[in-house]
Amino acid sequence: MAVPKKRTTKSRRNKRRMHIHLEKPALTECPQCKDKKIMHTVCKSCGFYKGKEVIDVLKKEKEKEKKKEKAEGEEKKNKSLSMEGLSK
């Protein structure tokens, strides 16, 4: 089995790994809303791809608001079981 004679220094190791890194994705401008988006994907802000609406963004936002309101309502119910409420 091959064993190195000397320890590899940090600088030599890092020089070897210099080209192994992540690159930023190429962003383009959405033709509908002029917002930045990743190429060949649906725009997250308006839901359009190649001039056609693929995702109804307003519908998703309304669903998120409903979930949030529901969670807040459940929190209020759980708060009524505090120590003050139980002692009465």
Residues of the range 39-55 being of a type in the set (Ser, Thr, Tyr) and in a loop (DSSP other than H, G, I, E, B), which ones?
Thr41, Ser45
Residue by residue through the range 1-16, note down the ones that are of a type in the set (S, T, N, Q) and within 35 Å of the chain's Cα centre (by Cα).
Ser11, Asn14
Quick one: which of Lys50, Lys44, Lys76 is surrounded by 10 or more Cβ atoms within 10 Å (Cβ to Cβ) and modelled with pLDDT under 90?
Lys44
With respect to Lys36, determine if the residue is of a type in the set (Lys, Arg) and either touching a strand residue (DSSP E or B) at 6+ places or on another chain (Cβ under 6 Å) or within 24 Å of Lys60 (Cα to Cα) (or both).
yes
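The values are calculated or read from the model by the stated rules, or taken from the named source; none is laboratory data. Keep in mind the model is a prediction, meaning the values are calculated, not measured. In this analysis, Cβ positions are derived from the backbone assuming ideal geometry, glycine residues included, and neighbour counts consider all displayed protein chains.
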